[in-house]
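The values are calculated or read from the model by the stated rules, or taken from the named source; none is laboratory data. Here the structure is a predicted model, which means the values were calculated and not measured. Glycine also receives a Cβ, built like all others from the backbone with ideal geometry; neighbour counts cover every protein chain displayed.
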Amino acid sequence: MKSPIKSIVSLGPGGASRASFRGLCCSVATGTTLAILAGAVVASPASAATLSEQRAALRQITYAAGQDYVNARPFVAELARRNALTVKNAIASGTASLKAAGDELTAAKTQEAMDAVATRIRDEATRAATVRKAANQLTILVDLRTAQQSVATKALSDLSAARITLSTYSGSKERTSSFTTQLAADTAVQLGVIGKAVPAPDLKSTPWLSTLQQGSGTIPAMAGWVGFPGGCALSSASSAFTPVLPLDGPGVGTSKKLVASAKTRQSTDAALGSAHAQMLRSATAEASRTMPLGELRDGYVPRVARLGYGWLSGSDTASRNVLASEAKRILSAGPEDMDTLQSSHLLLAASTATNWVKSTGMEETALVRWLGPQTCLYADGENFVDAPTNIAAIHNAANFVAAAVFLKKSPARAAALAKESLTSIQPALGLITADGGTQEGPGYWTYQSRAISVLYSTLPNTFVTIPVKMPTLAKVSGYAMNSTDPDNRPTPFADASPEDLSPLMPAWDAHVRKDPAVAAWVADKFKQKPDAYLMWWGSPSGVLPPKKSAVYSKTGLAALHLPASTATLKGGVNSANHAHLDLGTVSFFRRGVQWSVDPGTPDGAAPGYYSEPTRWTYWKPGTSAHSTLMVQGVNQPTAASAPVTAPTTSSAAVDLRQAFPGSSAATRSVTHGVNAMVIKDVIRSDKPLDLVWQWVTDASVSLGSDRAVLRRSGQTLVLRFAGAPVGFSLTAVSAPETGPDGQPLTIVKLSMPQVRSLALTTSAY
């Protein structure tokens, strides 16, 4: 494989070392091929004496173009996700198109046909050369970004250490900011020509590298872009997106009015008054603790809320001082040794604390070391920034709040980042608001709840009119109230931890919509665990209504309720983020006992757990760890989906054909009655299938001929089977791992070999 052309460019006085930048151009072909290209294509194919000679010349051009695609491939590994995919796809499509042109060349038997294919091959050669050159130049832009970030961070460090003046720093800041717009414009141009039969232009940013590194002169900013020193440039946004927080009080998560209203309520309500006093004591205790940085990072997010309550609702100056000092510690330490998710959590919390205490002095640190790198995630089109995931929700909420807090003196940057954040978060919000749940499981529902609720509660304090339509959280509240068991425990699925759902999103929703039923659910949670936001967002509470049976079609869950018991049926999609291969899983809660147990996730940092295919080598996310049917002793297909329906308020059904390979019909239905929960499994197949009916439990198990008896916490549950085919066997085996609470698990297995037709009824009573 021919190596890409490279040249050596010095980083100069602004850099720490010399770096190897890729060459700025590359040719379609070299040597004799160029002569052939000029003679046989540019002039005319007919300049060759015979069709055979023309065909030979054009084949050389085709070969050279193919080599351009081969030589472009190494660049893919050096590029960020979006750019890498663009180049990779262009190589794939271009290679296929080039082969088709080669086939046309072989088939050309007349001069007219030869002229036509020559034109196509000329275009294909130009397209291939453009892909190679543009890919090369995109990698150069990566190196130029690194050089810019080095200059920006060094200038910030020099300013902090008083090695340069504020004026000198401001000049460097302006140059690095403008340079990012040059890089953005160049990137857009290169991406725009990839895959087209037009020559790739040279980079316009490279001549400005010396100006950047020498620390003098000016670099022109490119129109349409807003630069972030230490990071990347974002598309400019209208002033309608500029977030402006109030000056006379807090604006992130709460407001002067909300704090005052909460003070009034707690002064007239004994229960709230007691909770208020308890929360002030908690703030005092938090303020007395001095924590090393690592420990502080781990506990910082809830700590901010506790200290914030002490300051805003109790005027505790110790809480205020700790809020201010710890925000500076977090921001000064930087995000460099953290993953993006952790840094987003800390950025949101530090931004919140900074707003609450009206602290200053960290604006440049936040801009260069925190927000700068965050903007590059948008510029690179990283897959999580605008994906329907909890990560995107947290990341974008943090960036919006930070923009509002730290970019007050840079309204253009604040508007650009606010627009990018509010736009990119929409798929994540769409996922959780579609039916109120999330395919990622209840653990991640809660995990993102603080970020989403703080974002929603901040927006009305920053905009007179919110420039982006935000979906209502009403269905989120409905899910919290009605997907849970009689004790308000969520049905665990996916990578879920056995935790209660957070009341934060329902609390803000109840406040906005003045919904007394939701407020009653939140009030019950507040009694169990007082929280600053729940106090500030309090709204008139009504009577807590009984749970309503419901199907959450997007989440893939049906919940069927009676006063003392809840049955759930899991469908959805196995390909969802954090999903287990668990379609058809049944959960059953009765009188405080969870009779079927979701295994949760492996303890510790299991290598490769969140990456395919390694993930499916672990037991817990696999089909054998769940209370469903297993076919042929293998996991369900990772691409399988199973829509859930609820024909009545007491029944639900799921279509499992995709989950059960080889079946022509596969339905599991659950009916939740007063006397029993009944599971019906109907399967048809043209070929015999080995089926295993499974029930995973932490109860003790004894077996009869047609039943399993489960005992736990002084209660008994009988699983009675009817319709099992001849040759079945009923066993109870120890699970290879413990449950999420560390308790041993037992799997009840009804093994049914070589089944073509199954109509199995299981009664749980």
Within region 488-516, restricting to residues that are surrounded by fewer than 24 Cβ atoms within 10 Å (Cβ to Cβ) and hydroxyl-bearing (Ser, Thr, Tyr), the one that is farthest from Trp619 (Cα to Cα) is Ser502
Within region 743-760, does at least one residue satisfy the condition of being in contact with a Ser or Thr (Cβ under 9 Å, 6 or more places away or on another chain) and either free of Cβ contacts under 8 Å to residues at least 24 places away in the same chain or outside the structural domain of Pro621 (by TED's automatic domain parsing) (or both)? no
Picked from region 160-176 (must be within 36 Å of the chain's Cα centre (by Cα) and farther than 20 Å from Gly334 by Cα), the residue surrounded by the most Cβ atoms within 10 Å (Cβ to Cβ) is Arg175
The residue from Pro621, Pro607, Pro599 that alone is in the same structural domain as Lys680 (by TED's automatic domain parsing), in a loop (DSSP other than H, G, I, E, B) and at pLDDT 95 or above is Pro621
Here, helices (runs of 4 or more DSSP H) confined to region 500-587 with at least 2 residues that are under 29 Å from the mean Cα position of the chain (by Cα) and under 29 Å from Ser650 (Cβ atoms) are 504-513, 516-528
Next on the checklist: Suppose the filter is part of a loop (DSSP other than H, G, I, E, B), among the β-branched types (Val, Ile, Thr) and closer than 25 Å to Thr365 by Cβ; does Val252 pass it?
Outcome noted: yes
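Conditions tested, residue by residue: (1) over 21 Å from Gly231 (Cβ atoms); (2) part of a helix (DSSP H, G or I).
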{"position": "Arg303", "(1), (2)": "yes, yes"}
{"position": "Tyr309", "(1), (2)": "yes, yes"}
{"position": "Gly314", "(1), (2)": "yes, no"}
{"position": "Ala327", "(1), (2)": "no, yes"}
In the set Arg306, Arg297, the lone residue that is within 30 Å of the chain's Cα centre (by Cα), within 16 Å of Met279 (Cα to Cα) and not hydrophobic (A, V, I, L, M, F, W, C) is Arg306
ask   = Of the residues that make up region 256-275, is at least one among the hydroxyl-bearing types (Ser, Thr, Tyr), over 23 Å from Trp508 (Cβ atoms) and in contact (Cβ under 8 Å) with a residue 12 or more places away in the chain?
value = no
If we ask which residues in region 226-248 are surrounded by fewer than 22 Cβ atoms within 10 Å (Cβ to Cβ) and either in contact with a Gly (Cβ under 7 Å, 6 or more places away or on another chain) or farther than 20 Å from Ile466 by Cα (or both), their number turns out to be 4
Q. Mind checking whether some residue in region 603-616 is touching a residue at least 12 places away in the same chain (Cβ under 8 Å), within 30 Å of Asp269 (Cβ to Cβ) and surrounded by fewer than 24 Cβ atoms within 10 Å (Cβ to Cβ)?
A. no
Check your understanding: Does Ser453 satisfy the condition of being under 28 Å from Phe526 (Cα atoms), among the hydroxyl-bearing types (Ser, Thr, Tyr), in contact with a helix residue (DSSP H, G or I) (Cβ under 6 Å, 6 or more places away or on another chain) and not assigned by TED's automatic domain parsing to the domain that holds Pro740?
Key -> yes
Per the filter on region 422-442, residues crowded, with 21+ Cβ neighbours inside 10 Å, of a type in the set (A, V, I, L, M) and part of a helix (DSSP H, G or I) are Leu422, Ala428, Leu429, Leu431, Ile432
Exactly one of Ala283, Ala260, Ala275 is surrounded by fewer than 17 Cβ atoms within 10 Å (Cβ to Cβ), among the hydrophobic types (A, V, I, L, M, F, W, C), assigned by TED's automatic domain parsing to the domain that holds Lys358 and in a helix (DSSP H, G or I), and that one is Ala260
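Rundown of residues vs (1) surrounded by 24 or more Cβ atoms within 10 Å (Cβ to Cβ); (2) of a type outside the set (D, E, K, R); (3) in a helix (DSSP H, G or I); (4) touching a residue at least 60 places away in the same chain (Cβ under 8 Å), yes/no style:
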| site | (1), (2), (3), (4) |
| --- | --- |
| Gly381 | no, yes, no, yes |
| Asp386 | no, no, no, no |
| Ala398 | yes, yes, yes, no |
| Ala414 | yes, yes, yes, yes |
| Ala418 | yes, yes, yes, yes |
Here the qualifying pairs (Cβ atoms under 6 Å; residues six or more apart or on different chains; first in region 484-504 and closer than 16 Å to Gln448 by Cα and at pLDDT 90 or above; second part of a loop (DSSP other than H, G, I, E, B) and not polar (S, T, N, Q)) come out as Pro490/Leu501; Ala494/Glu440; Ala494/Gly441; Ala494/His578; Ala494/Ala579; Ala494/His580; Asp495/Gly441; Asp495/His578
